[in-house]
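Here's the structure, in structure tokens; my notes come after.
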Amino acid sequence: MKNTLLFLIMLCTGSGFLKGQDRSQMKQLIDDQFHFAEEQYKVLAKNVPAGVMPKTYYAKSGKIETSDTKWWCSGFYPGSLLYIYEYTGDTAILSETKRRLSILEKEKHYTGNHDLGFMMFCSFGNAYRILKDEKYKAVIDTSAGSLATRYHPAAGVIQSWNSSKTWKGPVIIDNMMNLELLLWASAHGGDSKYKQIAVSHANKTLKNHFRSDYSSYHVVDYDMLTGKVIRRGTAQGAADESAWSRGQGWALYGYTMMYRFTKDQKYLDQAIHIADFILKHPNLPADGIPYWDFNAPGIPDTYRDVSAGAVISSALLELGQYSTGRSKDRFVSAARKMIVSLSSGQYRSKPGENGGFLLLHSVGALPLKSEVDVPLTYADYYFLEALARYKKWYL
Ligand code: GLY
């Protein structure tokens with residue numbers, strides 16, 4: 001017990017790279033999480049009927065909620081299975097992956113919202129990277145074409161949701177994540193216009209979505225014919241002027257990823273500013289797992305959002321790759337602290353529980369009273385990605 005405590009203290013502080021025993025204990029922690037995930041996702045697989053995807057689990061009723069493949073999260077379950085397969089080589093996990101990819105493939109033609117990147121790149125992007133089958137690359141290319149149909153040249157942005165009574169031409173910060181699909185497709189033989197669209201969208205978002213403290217609005221409503229900003233607000237945050245935590249995570253991840261593909265310094269600068277906003281925020285708890293909104297009413301007596309912690313930890317690990325010296329140490333040790341917290345009994349399910357999901361305590365959309373304090377597929381996905389990234393880059 002005393003040793004475990006000492007280990008946790010060392011992992012949660014200190015420099016980016018661990019040495020000696022700390023390093024091997026971090027290696028062990030990652031190994032434990034992947035082997036837990038291997039067994040836990042077999043429980044989840046049994047709970048989810050063929051033809052649909054897992055969404056969440058309600059502990060009170062013991063019920064799994066599923067979704068069709070048009071739901072924005074439909075790529076995360078196959079994506080998580082792929083990270084688990086990559087680590088463990090488990091062929092039962094691979095078979096389950098292929099079953100789910102086959103029901104998802106048809107969405108390569110979907111143009112109903114901007115979520116094609118989440119849906120088709122977290123799934124088929126990882127499938128192509130790991131399994132090297134050209135048929136998956138073709139799916140990615142078609143999906144990029146579908147996403148590009150939502151681009152408005154006059155405004156220079158991809159429209160996130162369709163027009164409604166509330167929003168005319170809404171663009172949400174989450175949309176930064178979908179640009180990876182476009183950039184990857186362009187860089188791998190796809191149409192060069194996909195990259196131009198992604199760069200234009202990232203530039204407009206950089207100009208219009210951020211406050212002077214580098215926190216991000218959730219929604220910017222555009223007149224798509226002129227590019228004029230109509231208003232800025234929120235749908236999932238605590239208030240129009242608040243910093244919705246997962247949105248800050250999408251922004252951090254998005255601009256770090258933009259730098260990966262373009263090497264444009266302004267994207268890296270933006271990512272560092274966003275990381276500073278998050279890591280220096282007085283409302284960021286000591287264990288590194290944010291409340292659902294940095295300005296949520298009732299802090300500290302309100303919900304954490306584990307999904308935000310998972311996204312931020314994965315993004316910080318990539319940011320560490322583009323940083324040196326003390327900045328690198330700061331980003332990597334903050335990410336490590338989050339990974340250690342997420343792996344603890346505070347946030348991680350016990351084997352066989354939680355419907356088969358890995359992590360507890362995420363928040364989907366609190367103002368809509370939807371998915372509050374539950375497991376979510378994307379929390380699991382970015383947690384596994386963070387574990388894999390840590391192993392690849394820092395061990
Ligand atoms: N992209 C939707 C969300 O983050 O909840």
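The values are calculated or read from the model by the stated rules, or taken from the named source; none is laboratory data. Model, not experiment: these values are computed from the prediction. Positions of Cβ are generated from backbone atoms using ideal geometry, with glycine treated the same way; all protein chains shown enter the neighbour counts.
Some points to look at:
- Selected residue (criterion: surrounded by the most Cβ atoms within 10 Å (Cβ to Cβ)) from residues of region 179-212 that are touching a residue at least 60 places away in the same chain (Cβ under 8 Å) and over 16 Å from TYR267 (Cα atoms): LEU182
- Of the residues making up region 216-266, just one is in a loop (DSSP other than H, G, I, E, B), of a type in the set (Val, Ile, Thr) and away from the ligand (no atom under 14 Å from the Cβ), namely THR226.
- Note on region 63-87: residues that are farther than 19 Å from GLY355 by Cβ and either without any contact (Cβ under 8 Å) to a residue 12 or more places away in the chain or surrounded by fewer than 17 Cβ atoms within 10 Å (Cβ to Cβ) (or both) amount to 1.
- Of the residues making up region 139-188, those that are closer than 23 Å to PHE124 by Cα, in contact with a Ser or Thr (Cβ under 9 Å, 6 or more places away or on another chain), within 16 Å of the ligand (Cβ to nearest atom) and not hydrophobic (A, V, I, L, M, F, W, C) are ARG150, ASP174, ASN175, ASN178.
- Test for THR302: is it of a type in the set (Val, Ile, Thr), surrounded by fewer than 24 Cβ atoms within 10 Å (Cβ to Cβ) and within 22 Å of MET26 (Cα to Cα): no
- Being within 16 Å of the ligand (Cβ to nearest atom) and modelled with pLDDT of 95 or more is a property that ASN126 lacks.
- Number of the exception - LEU104 against (1) aliphatic (A, V, I, L, M); (2) farther than 19 Å from GLU86 by Cα; (3) over 21 Å from the mean Cα position of the chain (by Cα): (3)
- Matching option when the condition is more than 17 Å from PRO282 (Cα to Cα) and surrounded by fewer than 24 Cβ atoms within 10 Å (Cβ to Cβ), among MET258, MET224: MET224
- Residue list for region 69-99, filter: of a type in the set (D, E, K, R) and more than 21 Å from GLY364 (Cβ to Cβ): GLU86, ASP90, GLU96, LYS98, ARG99
- Selected residue (only one of SER24, SER80, SER95 is part of a helix (DSSP H, G or I), within 28 Å of TYR194 (Cα to Cα) and of a type in the set (S, T, N, Q)): SER80
- Residue ID - surrounded by the fewest Cβ atoms within 10 Å (Cβ to Cβ), chosen from residues in region 51-62 that are within 26 Å of THR111 (Cβ to Cβ) and among the hydrophobic types (A, V, I, L, M, F, W, C): VAL52
- The set of residues in region 345-376 being surrounded by fewer than 18 Cβ atoms within 10 Å (Cβ to Cβ), within 11 Å of the ligand (Cβ to nearest atom) and of a type in the set (Gly, Ala, Ser) consists of ALA365, SER370.
- Test for ILE289: is it over 19 Å from GLY254 (Cα atoms) and either assigned to a helix (DSSP H, G or I) or within 17 Å of the chain's Cα centre (by Cα) (or both): yes
- Once region 70-93 is narrowed to residues that are within 16 Å of the ligand (Cβ to nearest atom) and of a type outside the set (Gly, Ala, Ser), the residue that is farthest from GLN33 (Cα to Cα) is LYS70.
- So SER307, is it of a type outside the set (Val, Ile, Thr), modelled with pLDDT of 95 or more and not in a helix (DSSP H, G or I): no
- Sub-8 Å Cβ pairs linking a first residue in region 243-258 that is closer than 15 Å to ILE272 by Cβ to a second residue that is modelled with pLDDT under 95 and within 10 Å of the ligand (Cβ to nearest atom), at least 6 apart or interchain, number zero.
- For first residues located in region 294-309 and without any contact (Cβ under 8 Å) to a residue 60 or more places away in the chain and farther than 18 Å from PHE277 by Cα, partners that are part of a loop (DSSP other than H, G, I, E, B) and within 15 Å of the ligand (Cβ to nearest atom) and lie 6+ apart or on another chain with Cβ distances below 8 Å form the pairs PRO297/ALA238; THR302/TRP292.
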